[in-house]
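**Student:** This structure is in structure tokens; I'll ask about it shortly.
Computed from the coordinates by the stated procedures, all read-outs in this text should not be read as laboratory data. Everything numeric here is computed off the predicted structure, so don't read it as measured data. Using ideal geometry, Cβ is built from the backbone for each residue, glycine included, and neighbour counts are taken over all protein chains shown.
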Amino acid sequence: MGLDLYKLDHLVAVAEEGSFTRAAARLHLSQQALSTSIRALERQVGVDLLARGPSGVTMLPAGEVLVADARVLHGVAHSAVQRARRIGRGERETLRIGHTPAVTGDEVTALLPTTGHDTRVNQRYPDELTRELLSGELDLGLCRAMPPARGLARTVVVRQRLHVAVAEGHPLASRTRVQLSDLADQEIVVWGEPGRSGYTDLLVGLCRGAGFEPRTRRNPIQGTPPVTAVAGTGGVAFVTAAPGPAAGGGVRVVELVPEARVPLHALWPQHTASDARDAFLASFG
């Protein structure tokens, strides 16, 4: 049984808009045409995909599953067309990499010489990174402890040593090294809320392993390099930057002992092909 990708597009639009009216406007279709398309898709699949009511539409479990898979299918189709077009034109492949703010541009740059391919790098927030990987707009995502969405694969590229960043003038700034237990009475600045960020949960777990429950505060300025999170605050932050002055001298990175390492993960759409991505990943195997 072959699924019509256009009808899947229609289902995704209804799911995202929560309304036939808004979805029809987005797709430049009449509501009747859109409703007919969804009914045809339901007949083809053999089950109801959404519940229609006076307050709008609600996706049923079968519809939610199909929408999730539809996003993967569309990304694979888009990547296949782009790959065929590039090969047919004799164009050189460009590795398109996105990275979350938890991974600095310097860290990404340090990895790039191993690829030997043209590369384009852009920072993306976690939700954007997932969406663009699934849609085929990115070939590879670099992040820390992000769980892979359906259709994405994940592996550890490197494990990097953690240190602690504090603002100049902070009592810990004069130290050459600190232990995890020294942070028990400190507010720790993180980039995502505990329970909603895999990386934050990883850091919280390290603190708990050292015998204390950390006090965390989400960084109010998102998208900046990790070392900047403590500027102008009395808090501390875990960073992978080397010990020493940072952020123009406004921040001091202090060695953390005993040694603790955190993973830098790669995410990619598992059903797409990319020679450049394969070469990148193989260089860390």
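**Student:** Where does the charge balance sit around Gly211 when Lys and Arg score +1, Asp and Glu -1, over other residues with C-beta under 15 Å from its C-beta?
**Tutor:** Neighbourhood net charge equals -1.
**Student:** What's the local net charge at Arg89, with K and R +1, D and E -1, over the other residues with C-beta under 15 Å away?
**Tutor:** Overall, the nearby charge balance is +1.
**Student:** Ranking Ile188, Ile221 by Cβ neighbours within 10 Å, fewest first, what do you get?
**Tutor:** Result, fewest neighbours first: Ile221, Ile188.
**Student:** Which order results if His170, His271, His28, His74 are arranged by neighbouring Cβ count within 10 Å, fewest first?
**Tutor:** Placing the least packed residue first, the sequence is His28, His271, His74, His170.
**Student:** For the chain, build the charge dipole from Cβ charges (+1 Lys, Arg; -1 Asp, Glu) around the Cα centre, then report which of Val76, His170, Thr233 sits farthest towards its positive end.
**Tutor:** Val76
**Student:** I would also like to ask the following. For the range 35-139, just say rounded, prolate or oblate: build the C-alpha gyration tensor, square-root its eigenvalues into a ≥ b ≥ c, call rounded for a/c under 1.5, and beyond that prolate if a/b exceeds b/c, oblate if not.
**Tutor:** Because a/c hits 1.5 or more and a/b fails to exceed b/c, the range 35-139 counts as oblate.
**Student:** Starting from 0.36 nm per residue, how many nanometres of slack lie between Thr94 and Glu259 once their C-alpha separation is accounted for?
**Tutor:** Values: separation 165, 0.36 × 165 = 59.40 nm, distance 3.66 nm.
Full extension of this stretch gives 55.7 nm more.
**Student:** Calculate, axis by axis, the spread of Cα positions in the range 5-71 along the three principal axes, and write the results as whole Å, longest axis first.
**Tutor:** That works out to 25, 24, 20 Å along the principal axes.
**Student:** Describe numerically, in nm with one decimal, the distance between label points set 7 Å from Cα along Cα→Cβ at Ala33 and at His271.
**Tutor:** My value for the distance between the label points is 2.8 nm.
**Student:** Right, something else. Using only the Cα atoms of the range 1-44, what do you get for the radius of gyration and for Dmax, in Å?
**Tutor:** In Å, with Rg to one decimal and Dmax whole: 9.7, 30.
**Student:** Treating the chain as a set of equal point scatterers at the Cα positions, no solvent, please give the Debye-formula log₁₀ I(q)/I(0) at q = 0.07, 0.10, 0.12, 0.15 Å⁻¹.
**Tutor:** Values, matching the q order: -0.36, -0.68, -0.87, -1.08.
**Student:** Based only on other Cβ atoms within 10 Å, what is the fewest-to-most ordering of Met146, Met59? Walk me through the numbers before you get to the answer.
**Tutor:** Working: Met146 21, Met59 18.
Lowest to highest Cβ neighbour count: Met59, Met146.
**Student:** Find, to one decimal place in angstroms, the Kirkwood hydrodynamic radius of the range 163-259, where the mean of 1/r is taken over every pair of different Cα atoms and then inverted.
**Tutor:** Evaluated on the range 163-259, it is 13.2 Å.
**Student:** Under a 5 Å amide H to amide H cut-off, with H placed in plane at 1.01 Å, what residues pair with Val239 once short-range neighbours are removed?
**Tutor:** Distant-sequence amide H within range of Val239: His163, Val164, Ala165.
**Student:** What does the extension gain come out to for Ala184 and Ser283, with contour length at 0.36 nm per residue minus their alpha carbon separation?
**Tutor:** Gain on extension, Ala184 to Ser283, equals 31.8 nm.
**Student:** With a cap of 13 neighbouring Cβ atoms within 10 Å, and only residues DSSP puts in a loop, list the trypsin sites (Lys or Arg not before Pro) found in the range 31-114.
**Tutor:** The qualifying sites are Arg92.
**Student:** Loop only per DSSP, at most 12 neighbouring Cβ atoms within 10 Å: give me the trypsin sites (Lys or Arg not before Pro) in the range 190-285, ordered by residue number.
**Tutor:** Within the range 190-285, the qualifying trypsin sites (Lys or Arg not before Pro) (loop, at most 12 other Cβ atoms within 10 Å) are Arg196.
**Student:** In percent, what relative contact order does the range 147-228 have, based on Cα pairs under 8 Å that are 6 or more apart in sequence?
**Tutor:** This gives 27 percent for the range 147-228.
**Student:** Where does the longest stretch of the chain lie that holds no GluC sites (Glu not before Pro) found in a DSSP loop with 11 or fewer other Cβ atoms within 10 Å?
**Tutor:** Details: sites that count: Glu91, Glu259.
Free of exposed loop sites, the longest segment is 92-258.
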